[in-house]
Amino acid sequence: MSHERWAEGEIVAVKGHGTPAILVPLAKGPVRIGQEGVIDLTDQIGRPPGGSITWLGTSYRILRPSLADLFASVRRGAQIITPKDAAQLLFRAGVGPGAQVAEAGSGSGALTIALAFAVGREGHVTSFDRRPEFLAAARANVGRAGLADRVTFVERDVVRDGIDLSDLDAVLLDLPEPWKVFPSARDALAPGGRVATYTPTYNQLERTVLALRALRYDEVRAIELLERELTVGEGGTRPSFEMLGHTGFLAVGRKVD
Ligand SMILES: C[S@@+](CC[C@H](N)C(=O)[O-])C[C@H]1O[C@@H](n2cnc3c(N)ncnc32)[C@H](O)[C@@H]1O
């Protein structure tokens, strides 16, 4: 995690013990925060992360937001990707610092935030959606996360019009018919680049994987992730009774030849 001193305009996480992080843009003067009231973090500008303040009688740390903090702050419109699936998509699609990435659709921008976080300052994400209202929602969420300068939003139907980019490291598709985008994704990828998909049904997954093979993508894999929370108590540690039974299936393929 970066220990660079805070600059005006950065998004900071105001974190109290046992309470969720509140994301706040660092500004000179008081900033209004939802229902909570007004906070003044002027003193933090130029200081390193980790400082503490007392606000409304409670003490808080001023921290650099983690990806989990950013995810928790997403305002939902479209069905968003879960953290377990987003994390695995980053890994499987090979998205890291400096990567050039495209995704469709933007939806609420949750996966966009994960991608923008992972590519860092040197990388870039182009996020396509055919519906302007989703683009607006995603843009707002990415802006609140302080990652707007790493993302270009484009209104485009990628099934009809394809992905007009080149030399990409990864293309991520969270839309109903990803296989219809595979030919143009292949053209847009650099050698070694990966396409990764997220679909909720077996039927979609089967069509996805068969299309990846037909187009001679390499290293084709399909996976499902099941996450089980554990309830921990001395002498009584066990799996939680509740579990999210199903989210979506992931598929990935790599352009080699
Ligand atoms: C489930 S949402 C994506 C959620 C997003 N990954 C997130 O984490 O917030 C699917 C999105 O795909 C978009 N979409 C569907 N078909 C599309 C197409 N052919 N071209 C571009 N976007 C498309 C929809 O408008 C919708 O916003």
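Values in this text are rule-based calculations from the coordinates and carry no lab data. Predicted model, so just to flag it, every value in this text is computed and none were measured. When we count neighbours, we look across all protein chains shown, and the Cβ atoms used for this are built from the backbone with ideal geometry, even at glycine.
Brief remarks on what is shown
- Shown for Ser73, Ser106: other C-beta atoms within 10 Å of each C-beta, ranked fewest to most, produce the order Ser73, Ser106.
- In order along region 152-166, phi translates into HN-Hα couplings of 10, 9, 9, 7, 6, 8, 6, 6, 7, 10, x, 10, 8, 10, 9 Hz, rounded to whole numbers, per the Karplus curve 6.51 cos²θ - 1.76 cosθ + 1.60 with θ = phi - 60° and x for Gly and Pro.
- Taking a Cβ cut-off of under 10 Å around Asn141, the surrounding Lys, Arg, Asp and Glu residues balance to a net charge of +4, with basic ones at +1 and acidic ones at -1.
- Positive-end extreme of charge dipole, region 11-65 - chosen from Leu23, Gln35, Ser59 (charges on Cβ): Leu23
- Among Trp179, Trp55, a tally of other beta-carbon atoms within 10 Å of each Cβ gives an order, fewest to most, of Trp55, Trp179.
- Checking every one of the trypsin sites (Lys or Arg not before Pro) in region 22-61 against DSSP loop status and a limit of 15 other Cβ atoms within 10 Å picks out Lys28.
- Sparsely packed trypsin sites (Lys or Arg not before Pro) within region 177-257, loop by DSSP, other Cβ within 10 Å at most 15: Arg216, Arg228
- Among 145-151, 18-24, 158-164, the peptide with the highest mean count of other Cβ atoms within 10 Å heads the list, and the full ranking is 145-151, 158-164, 18-24.
- Taken about its Cα centre, region 142-245 carries a charge dipole of roughly 220 debye when the Cβ of each Lys and Arg holds +1 and the Cβ of each Asp and Glu holds -1.
- Shown here for region 173-228: GluC sites (Glu not before Pro) in loop regions (DSSP other than H, G, I, E, B) with at most 13 other Cβ atoms within 10 Å, namely Glu227.
- Near the amide H of Leu168, within less than 5 Å, lie the amide hydrogens of Leu189, Ala190, all on another chain or at least 5 residues away, with H placed in the peptide plane.
- Among Thr82, Thr197, sorting on how many other beta-carbon atoms sit within 10 Å of each Cβ, with the fewest leading, yields Thr82, Thr197.
- Derived scalar couplings ³J(HN,Hα) [region 15-23; Karplus, 6.51 cos²θ - 1.76 cosθ + 1.60; whole Hz; x for Gly, Pro]: 10, x, 5, x, 10, x, 5, 9, 8
- ³J(HN,Hα) computed for each position of region 246-256 - Karplus, 6.51 cos²θ - 1.76 cosθ + 1.60, integer Hz, glycine/proline x: 8, 10, x, 9, 10, 9, 9, x, 10, 7, 10
- For the chain: lysine pairs under 28 Å (alpha-carbon distance), excluding those fewer than 8 apart on one chain: 5
- Bins of 10 Å from zero: percent of alpha-carbon pairs in the chain: 7, 28, 30, 21, 12, 2, 0
- Test item: Cα-centred dipole of the chain, Lys/Arg +1 and Asp/Glu -1 on Cβ, debye: 100 debye
- Computed over the chain, relative contact order equals 14 percent, with contacts defined as Cα pairs under 8 Å that lie 6+ residues apart.
- Positive minus negative residues near Asp174 (Lys, Arg vs Asp, Glu; Cβ under 12 Å): -4
- Charged neighbours of Ala72, selected by a Cβ distance under 13 Å, balance to +3 (K, R count +1; D, E count -1).
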